Amino acid sequence: MPPTLDEEELELRRIEAGVPRWGRELDERVLPAEAGLDETHISFTKGCYPGQEPVARLHYRGHVNRKLRVVELDDDATVERVTSTARRPDGTVVALAYVRT
């Protein structure tokens, strides 16, 4: 049987990798660029799709006011909203949070 990771270890690895999750980091209020999805999941060269206009406008002409970042909760970063947290084996807490840019 291959080695497996428990749910807490999987969540820690997801957070440390900065991978957003629906219902936590992603919902109908979050712009794709805020979560970094414009760099990994959106094509600006393919055909039309619903919601393309505001996404493209932001990409080509604007900037977002907050970005999803991996932070340690004792950092001095000003966070707008912490969305997920996990405790590392050494006791430090790592989180995904929206940070003002």
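The values are calculated or read from the model by the stated rules, or taken from the named source; none is laboratory data. This structure is a prediction, so every number in the text was calculated from the model and none was measured. Counting neighbours? That spans all protein chains shown, and the Cβs are built from the backbone with ideal geometry, glycine included. Only protein heavy atoms, including side chains, enter the accessible area calculation; ligands, DNA and RNA are left aside. Shrake-Rupley method; radii C 1.70, N 1.55, O 1.52, S 1.80 Å.
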Could you check how many residues of the range 53-91 are free of Cβ contacts under 8 Å to residues at least 24 places away in the same chain, under 20 Å from the mean Cα position of the chain (by Cα) and either open to solvent by less than 70 Å² (accessible area, probe 1.4 Å) or closer than 18 Å to ASP27 by Cα (or both)?
9
Pairs returned, first residue in the range 1-28 that is surrounded by 10 or more Cβ atoms within 10 Å (Cβ to Cβ), second residue that is among the aromatic types (Phe, Trp, Tyr), beta-carbon separation under 9 angstrom, 6 or more apart or interchain, are GLU25/TYR98
The one condition in (1) in contact with a Leu (Cβ under 9 Å, 6 or more places away or on another chain); (2) surrounded by fewer than 10 Cβ atoms within 10 Å (Cβ to Cβ) that GLY36 fails to fulfil
(2)
Say whether the condition of being β-branched (Val, Ile, Thr) and touching a Pro at 6+ places or on another chain (Cβ under 9 Å) is met by at least one residue in the range 56-76.
no
Tell me whether the range 27-45 contains one or more residues that are touching an Asp or Glu at 6+ places or on another chain (Cβ under 8 Å) and of a type outside the set (Phe, Trp, Tyr).
yes
